[in-house]
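Report on the following structure.
The values are calculated or read from the model by the stated rules, or taken from the named source; none is laboratory data. Note that the structure is a prediction, hence the values are computed from the model and not measured. Methodologically, a virtual Cβ is constructed for each residue, glycine included, from the backbone with ideal geometry; neighbour enumeration extends over all protein chains shown. Note: areas computed on protein heavy atoms with side chains; ligands, DNA, RNA excluded. Shrake-Rupley method; radii C 1.70, N 1.55, O 1.52, S 1.80 Å.
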Amino acid sequence: MVAEVEDEEHARILAKRCVLIKSVLEFFSSGASYEALHLTNRNKEHLWAPFQKNTTWKFSVTGYNQTIPKYRQRDVVEGFSYMALKGPVDLANPEQEFCCFEEYSSKGKEALRPKYDGDGNFICVYFGRLIAKGQARNLIQKYDVKKRAYYGNTSMDAEMSLLMANQTLSANGKLIYDPFVGTGSMLYTVAEFGAYVIGSDIDGRQMRGKGKEPGVLSSAGQYKVASRILSLLTFDVTNNPWRCGGLFDAIITDPPYGVRAGAKRLGRKPGVPSRDSVAAMRDPDTYIPPTHPYELSMLALDLVILSRYLLKDGGRLVFFLPTVNDEYKEVDIPVVEGMELVANSLENFGAWGRRLITMVKKESITREAPDLRPRECSERYLDHYVPAHRDFREKYFAGFNRNPDVP
Amino acid sequence: MRLIAHHILACHAKGCTSNNFPLKFSDVESQNAEAEFSPDFLKGFYPKIEWNVLITTAKEKFIKFGEVSLPEEQPNLEDLDEETLKKIHHVLLEIDVITGKMSCPNCGHIYPIMSGIPNMLLAEHEIA
């Protein structure tokens, strides 16, 4: 990707923070062939001439979707002899590294091609000077779920948790909240970037685990971010105890959508009478309040409405919304006045996918706490619209009407 | 649970809409915990602080190393000095409640805290 930044320092910051960046280069030239590249590059002498003398250097040649054999790498490097780099080569610790990056098209869905497959569909080549290697990529290893002290079957994978954390613009001095915290995957990565975090869940067992110390805190301890986890609480978001709105800089969550974990809310199903006396309900040691399912499209809408109340002006909501790919329409994303869509990125699993939605709150008025009582979903979507992810759980287990034999 | 949570929680039982904050502590065991000092965060949070509640909380007996004395009058945001900010920081972010109860001054609902996690769930007759 070629992008313009004001300052080399900005590029370094991006390399520190962006999980997907492998390296950031100062762009010199590009071309559909090496001949074209050299033609431009010769005219960009002012960019590389400063490194001709007294600078140790190395060249690297890499490709996307392609391994480039050593002998070809050597040919490519020799092609740049006109740059007349007089300083000594230093492969281990050069002062400057010049990089060629070849881009190949992927053949259909095959992401990687075997080495012996020769040069595939060459698209173009970029050339530049290395400014910084991506440092956030190492965090993917650090936050690997398999190496985590405490995790569950709903834990979010490390790379995605980090990408989500970046979408919240987490930083020192911010307060970020996860209302469906589960085993806390996103708390750790958000805290990694400096924010204080608070998590809540209707089911405290996921947060606690079996140990003496709550499981979420033992994982946080492993990552040395426990000091940023300010609170874990048990409650139902639709009956939440927040005293006021405008509290959080961001809300980040992976809501339960009914496949591995179903969403629940407090209360009995309509028409089911209570079995407990009010006196029994007063005893917090023995009483377990009843819960009933919380339908996904309802939950998604409530989440956006609640976030508008709980976020500061300019605060962000980052969450996953599962969608049925064939039926998805843009209007499926809940539309709530005061909440603007920033990004909507699909992770495609074939018949269904999950969309990472980022919204920003753009209003400074103080609202009353929203009423999130159960209601007919279509009432709250524009023009009685029924979004495609409604009853997602049922559609998922029915195989989305495409391959009914494979769930 | 750090005390900042206590500062932003209120009783939310059905019909309990006034005198439902602050929840009253009892049988509390707490410990001192670490948190990075962030003046920016505290200043951002400052408008949400109920000063009288903060003063009362700072005098709770369960706070280790004694109560924290804050000025009786709430200072203006611009006049906050580092010393006061550090005291606010200590009360809100460095006191960690492990077990105890929080009860609503209005309806009497008791929210128990176990392993540092307050149970804020409502019974079925308490939800709207």
Would you mind checking which residues have amide H under 5 Å from A:S60's amide H? H placed 1.01 Å from N; only 5 or more apart, or other chain.
-> A:F98, A:C99, A:C100
For peptide A:235-246, compute the average count of partner chain beta-carbon atoms within 10 Å of each residue's beta-carbon.
-> 6
For chain A: accessible area per residue (Å², 1.4 Å) = 51
Accessible surface buried once B binds A (1.4 Å probe; total of both sides; Å²) = 3300
Grab the DSSP H runs of chain A that are 4 residues or longer, score each as -39,500 (n - 2.57), total them, divide by all residues and round the 222 nm result to the nearest 500 deg cm²/dmol.
-> -6000 deg cm²/dmol
Ordering of B:84-92, A:13-21 by packing [mean C-beta count within 10 Å, highest first] = B:84-92, A:13-21
Note to self: C-alpha centroids of segment A:284-315 and segment B:42-77 sit apart, in Å, by 30
Do you know which residues of segment A:139-173 lose at least 10 square angstrom of accessible area in the protein assembly compared with their chain on its own, with a 1.4 angstrom probe?
-> A:G173
Report the charge-dipole magnitude of segment A:144-401 in Debye, nearest 20, computed about the Cα centre from +1 at each Lys and Arg Cβ and -1 at each Asp and Glu Cβ.
-> 760
Among A:313-325, B:34-46, what's the highest-first ranking by average C-beta atoms within 10 angstrom per residue?
-> A:313-325, B:34-46
Calculate the spin-label point distance for A:A171 paired with B:L80, positioning each point 7 Å from the Cα along the beta-carbon direction, and give it in nanometres.
-> 1.7
On a 0 to 90° scale, report how tilted helix B:82-93 is relative to the longest principal axis of chain B, with both axes built from alpha carbons and the result rounded to the nearest 10.
-> 20
Which listed residue (A:G79, A:N43, A:A92) has the Cα farthest towards the positive end of the charge dipole for segment A:8-133, taking +1 on Lys and Arg C-beta and -1 on Asp and Glu C-beta about the Cα centre?
-> A:A92
For A:K212 and A:Q135, calculate 0.36 nm times their separation in residues minus their Cα-Cα distance, and state this gained length in nm to one decimal.
-> 24.2 nm
Which value, in debye to the nearest 20, describes the size of the charge dipole of the protein assembly as shown about its Cα centre when Lys and Arg Cβ atoms bear +1, Asp and Glu Cβ atoms bear -1, and nothing else is charged?
-> 1340
Would you work out the relative contact order for chain A, in percent, from Cα pairs under 8 angstrom that are 6 or more residues apart?
-> 12
Can you give the mean number of other chain Cβ atoms that lie within 10 Å of the Cβ atoms in peptide A:204-214?
-> 2
Mind checking the angle between helix A:8-17 and chain A's longest principal axis? C-alpha axes, 0 to 90 degrees, to the nearest 10.
-> 50
Just how large is the dipole of segment B:3-126 about the Cα centre, in debye to the nearest 20, putting +1 at every Lys and Arg Cβ and -1 at every Asp and Glu Cβ?
-> 520
Kirkwood hydrodynamic radius (C-alpha pairs) into Stokes-Einstein, segment A:8-133, 37 °C and 0.692 mPa s, D in µm²/s = 210
Value of relative contact order over segment B:55-128, rounded to a whole percent, pairs C-alpha under 8 Å and six or more apart = 18
Could the peptides A:166-174, A:128-136 be put in order, highest first, of the mean number of other beta-carbon atoms found within 10 Å of their residues?
-> A:166-174, A:128-136
State the percentage of accessible surface on segment B:3-126 attributable to carbon and sulfur atoms; use a 1.4 Å probe and exclude ligands, DNA and RNA.
-> 48
Here the Kirkwood hydrodynamic radius of chain A, Cα-based and in Å, equals 24.6
What percent does the relative contact order of segment A:8-133 come to when contacts are Cα pairs within less than 8 Å and at least six residues apart?
-> 39
What FRET efficiency comes out for the pair A:K224/A:K362, r = Cβ-Cβ distance, R0 = 25 Å, nearest 0.05?
-> 0.10
So, in nm, how far is label A:A84 from label B:V53 when the simple model puts each one 7 Å beyond its Cα toward the Cβ?
-> 7.4
Segment A:3-60 - percent of accessible surface contributed by carbon and sulfur, probe 1.4 Å | 53
